[in-house]
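One structure is given here, and the rest of the page talks about it.
The values are calculated or read from the model by the stated rules, or taken from the named source; none is laboratory data. Quantities reported herein were computed from a predicted structural model and do not represent experimental measurements. Glycine also receives a Cβ, built like all others from the backbone with ideal geometry; neighbour counts cover every protein chain displayed. Accessible surface areas use protein heavy atoms only, side chains included; no ligands, DNA or RNA. Shrake-Rupley method; radii C 1.70, N 1.55, O 1.52, S 1.80 Å.
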Amino acid sequence: MTAFSTWSLATLRDHLLDRGTVATISRETLRRILHAGGVSWQSTSTWKTSTDPDLHGEMHRILDLYDHPPEQGRVICVDEFGPLNLQPRKGRAWRPTGAPRRLRATYNRHHGVMHMLAALDLTSGKIHFRIRRRKRHGELPELLRSLRTRWPDQRLHLVMDNFSPHRHPDVHAWAAAYIRRRNARARPRTGFATDSPIRTWTDYLIEVA
């Protein structure tokens, strides 16, 4: 049935009639036949994985950092989200019986779009963020400096993906300057992301101290 995976009942019915497989058949009969054969209408999804040859090694180091936070530091996950913009979005709501009100789609962003740069502090569970018009390497150090100001005496352990602005030399230079800072007063959280599905995809096991 792979070839018919995106066909509607009407399209499949017409195909069977054109091929002469059946002389006549209704869509309801076709639906019942498919149901009896264990075939149902399903949505599909895609997935991909990193091509980094050290993927598992890096993942294990990050998960170990989650499970055993440093006593003299703070683990912070940094990421970007966007573009953010105002536009009508379809959805569901309780309304009087009848046709729901339709919203006109928009095609222009006269005031541009915005991006959110965010940092999740695993110690407190709080998110610190900035809303900016761009998310290039120039905006990232601004967020990092705000984190440095917030915890001036603590060593910050940043967890970031391979987004190109994260690898810019200016970002590396800034990180090398602040990573020496430490603070013994940090109170790290333990057991972060203990129920994450990624733990079941590899041989990573949680070590209980």
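Figures for the structure shown
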{"read-out": "Residue in region 59-72 that is among the β-branched types (Val, Ile, Thr), assigned to a strand (DSSP E or B) and closer than 25 Å to HIS137 by Cα present", "value": "no"}
{"read-out": "Residue in region 37-52 that is within 30 Å of SER164 (Cα to Cα), in contact with a strand residue (DSSP E or B) (Cβ under 7 Å, 6 or more places away or on another chain) and either assigned to a helix (DSSP H, G or I) or open to solvent by 90 Å² or more (accessible area, probe 1.4 Å) (or both) present", "value": "no"}
{"read-out": "Elements of type helices (runs of 4 or more DSSP H) in region 94-209, at least 3 residues being at pLDDT below 70 and out of contact with any Pro (no Cβ under 6 Å at 6 or more places or on another chain)", "value": "198-201"}
{"read-out": "Condition broken by ARG89, with the remaining ones in (1) part of a loop (DSSP other than H, G, I, E, B); (2) of a type in the set (Lys, Arg); (3) under 30 Å from LEU156 (Cβ atoms) satisfied", "value": "(3)"}
{"read-out": "Residue within region 87-99 that is out of contact with any Asp or Glu (no Cβ under 8 Å at 6 or more places or on another chain), within 30 Å of GLU139 (Cα to Cα), open to solvent by less than 100 Å² (accessible area, probe 1.4 Å) and of a type in the set (D, E, K, R) present", "value": "no"}
